[in-house]
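The values are calculated or read from the model by the stated rules, or taken from the named source; none is laboratory data. In this text, all values refer to a predicted model and were calculated from it rather than measured experimentally. A quick note on method: Cβ atoms are made from the backbone with ideal geometry, for glycine too, and the neighbour counts reach across all protein chains shown. Heavy atoms of the whole protein, side chains included, go into the accessibility calculation; ligands, DNA and RNA do not. Shrake-Rupley method; radii C 1.70, N 1.55, O 1.52, S 1.80 Å.
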Amino acid sequence: MTASELKPILVFDSGIGGLTVLREARVLMPERHFIYVADDAGFPYGGWEEAALKERVIALFGRLLSEHDPEICVIACNTAFTLVGADLRAAFPQMTFVGTVPAIKPAAERTRSGLVSVLATPGTVKRAYTRDLIQSFASQCHVRLVGSENLAKMAEAYIRGEKLDDETVLAEIAPCFVEMDGRKTDIVVLACTHYPFMANVFRRLAPWPVDWLDPAEAIARRARSLVPQPNGFEPLNGQDPAIFTSGKPDFATRRLMQGFGLTVALDAIGEKRAGHAEAIG
Ligand code: DGL
């Protein structure tokens, strides 16, 4: 199989957070094309009621898989995967799904103080999946779950070039910093793919230095291990497509996509997709 015969890899998120995973995946798989899908009509996922979000994501993948026939799908969204990962695999058994879940296991292995915080969306914090991860891999640690209502939206604004107020950001991350019996939190798991975009801001505002754990590279490695490798390397031409379920990402978002080598094919996501988004919303 040559590089030009390879099927694309679909990377999915509720918004632009999946780009943090896409950039790592591109480094590891330069021979591959990617399709980036943002369910921006449903963004943010963090506050959705579980049954409705499950139904929405399954319906959306029914369409995405038949329209784009990807090699594998990377669900670059903790909020979606911790809820719907098992259902996606059951609904589409012919497809390989690579998931994103809070990096609680590596955090528990690395912490020296035993105090670990998980910064996520309110949805991810509520999930049984997340509680199970803690029970299975971090029962010896003190784990503080911090579900932020606003950070995913703030990260979207930040990456589009809007200015954020330091105090407002600090209020979102402050609960991650715990002091107990002379020990302090030393690892904060970035359990929402939007958050690594703000890691430099978090570092600057943190009350003390911690390790901010971003799982993007590990997810990209996992994806790489699951796809066939081409015989010869052929440099890729052209940009990859980005699909927005709203059908109308704003100018700043389209420019951001371009910076990531992605073209928002407006024709392809016009009325048809907007109608679809309504039907499943
Ligand atoms: N990027 C998504 C995640 O990893 C969540 C953002 C949202 O609230 O939609 O959880």
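Ignoring solvent entirely, what values of log10 I(q)/I(0) come out of the Debye formula for the stretch 1-117 at 0.14 Å⁻¹ when each Cα is a single scatterer? At q = 0.14 Å⁻¹ the computed log10 ratios are -0.63.
Counting heavy atoms of the protein chains only and a 1.4 Å probe, report the per residue accessible area for the chain as a whole number of Å².
With all protein chains present, the chain gives 44 Å² per residue.
Checking the Cα-Cα distances for LYS54/LYS153; LYS126/LYS153; LYS7/LYS105 against a 25 Å cut-off, the pairs over it are LYS7/LYS105. Considering only alpha-carbon pairs that sit under 8 angstrom and 6 or more positions apart, the relative contact order computed for the chain is 26 percent. Its Kirkwood hydrodynamic radius, worked out from the mean inverse distance over all distinct Cα pairs, puts the chain at 19.3 Å. For the options VAL188, VAL143, VAL27, a Gaussian network treatment of the chain with springs between C-alpha atoms closer than 10 Å singles out VAL27 as fluctuating the most.
Under a Gaussian network description of the chain, with springs only between Cα atoms under 10 Å, the residue in ALA25, ALA90, ALA59 that fluctuates furthest is ALA90.
Trypsin sites (Lys or Arg not before Pro), restricted to the stretch 124-192: which are DSSP loop and have at most 12 other Cβ atoms within 10 Å?
Listed in order of number, the matching sites are LYS163.
Roll a 1.4 angstrom probe over the protein heavy atoms and tell me the percent of accessible area of the chain that is carbon or sulfur. Looking at the chain in its full context, I get 50 percent from C and S.
Applying a DSSP loop filter and a limit of 14 other Cβ atoms within 10 Å to the GluC sites (Glu not before Pro) in the stretch 1-89 leaves GLU49.
Computed from backbone phi, the HN-Hα couplings of the stretch 211-224 come to 8, 9, 8, 10, x, 4, 5, 5, 5, 4, 4, 4, 4, 4 Hz, rounded to whole numbers (Karplus: 6.51 cos²θ - 1.76 cosθ + 1.60, θ = phi - 60°; Gly and Pro given as x). Distance between the pseudo-spin-label points of ASP132 and GLN229 (7 Å out from Cα toward the beta carbon): 3.3 nm.
Here is the list for the stretch 159-243: GluC sites (Glu not before Pro) lying in DSSP coil, each with at most 12 other C-beta atoms within 10 angstrom of its C-beta, are GLU162. Remark: spin-label model distance ASP165-ARG110 equals 3.3 nm, labels positioned 7 Å along the Cα→Cβ axis. How many angstrom lie between the Cα centre of the stretch 36-61 and the Cα centre of the stretch 104-151? Taking the Cα centre of each part, the stretch 36-61 and the stretch 104-151 sit 23 Å apart. Taking every Cα-Cα distance in the stretch 100-257 and sorting them into 10 Å bins from zero, the calculated P(r) comes out as 9, 33, 32, 18, 7, 1 percent.
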